[in-house]
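Scroll down for the structure; my scribbles are underneath it.
The values are calculated or read from the model by the stated rules, or taken from the named source; none is laboratory data. Treat the numbers as computed from the prediction; the structure is a model and nothing was measured. Using ideal geometry, Cβ is built from the backbone for each residue, glycine included, and neighbour counts are taken over all protein chains shown.
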Amino acid sequence: MLSADFGDLASSVLVVNDETDWLHVDIMDGHFVPNLTIGPGVVAALRPHSEKFFDCHLMMTDPGKYLADFAKSGADGCTVHVEVGHTADLITQMRDLGLRVGLAANPDTPFSAVEPFLDRIDLLLLMTVFPGFGGQSFIGDVMDKVRHAHRVISDRGLSVDIEVDGGIDTATAPIAVDAGANVLVAGSAIFARPEPLVAARALREAASLSRA
């Protein structure tokens, strides 16, 4: 939703409803990343307009202070960054709140930082840009990490989604899927286009062709 019209988020959600599975909500605190976006109140306001899975990405220095608020606001899952620390405690907190548990890593964070937590999470988000702003270019080198994550998760028989976020469009989506990602986050590739629904459909088709 970072690239959607913040003056009419509800309409933006409805426009792409038929071609999206989840709603990815970027929460930025102006400290962990150099940008400030929305909070639990906006998530609560959006909740009545969509039955989609609300995938809330918390780019925050202290996400633990707000997890309960996001759970109450209607978030289905929250993803915290391994870089902020206290990962085990945050995972426990999310699980206790009934949230689907996600763990994110920036492009320059090694896989070894998230590997110890794989058996405790539901989703691993491997950023394909440095978080903070939409419209950035896809960092292809992250695909080595995606491939390694997919191999480890498969070898261990874990049920963990691999999500990629940043620079995803019809050209890069197949690359990410081929590397092992099964959840794709796209912002400007959809909402910066004249017809967001058409753009979302094209992106889904590109990813599906790759899987085939």
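Out of segment 175-208, which residues are under 24 Å from Asp141 (Cβ atoms) and surrounded by fewer than 17 Cβ atoms within 10 Å (Cβ to Cβ)?
Asp178, Asn182, listed by residue number.
Only one residue in Gly85, Gly30 is surrounded by fewer than 20 Cβ atoms within 10 Å (Cβ to Cβ), in contact with a strand residue (DSSP E or B) (Cβ under 6 Å, 6 or more places away or on another chain) and farther than 22 Å from Val164 by Cβ. Which one?
From the options Gly85, Gly30, the qualifying one is Gly30.
Considering segment 1-31 alone, what residues qualify as being assigned to a loop (DSSP other than H, G, I, E, B), modelled with pLDDT of 90 or more and more than 16 Å from the chain's Cα centre (by Cα)?
Result: Val16, Gly30, His31.
Would you call Thr61 within 26 Å of Ala189 (Cβ to Cβ) and either not β-branched (Val, Ile, Thr) or not in a helix (DSSP H, G or I) (or both)?
no
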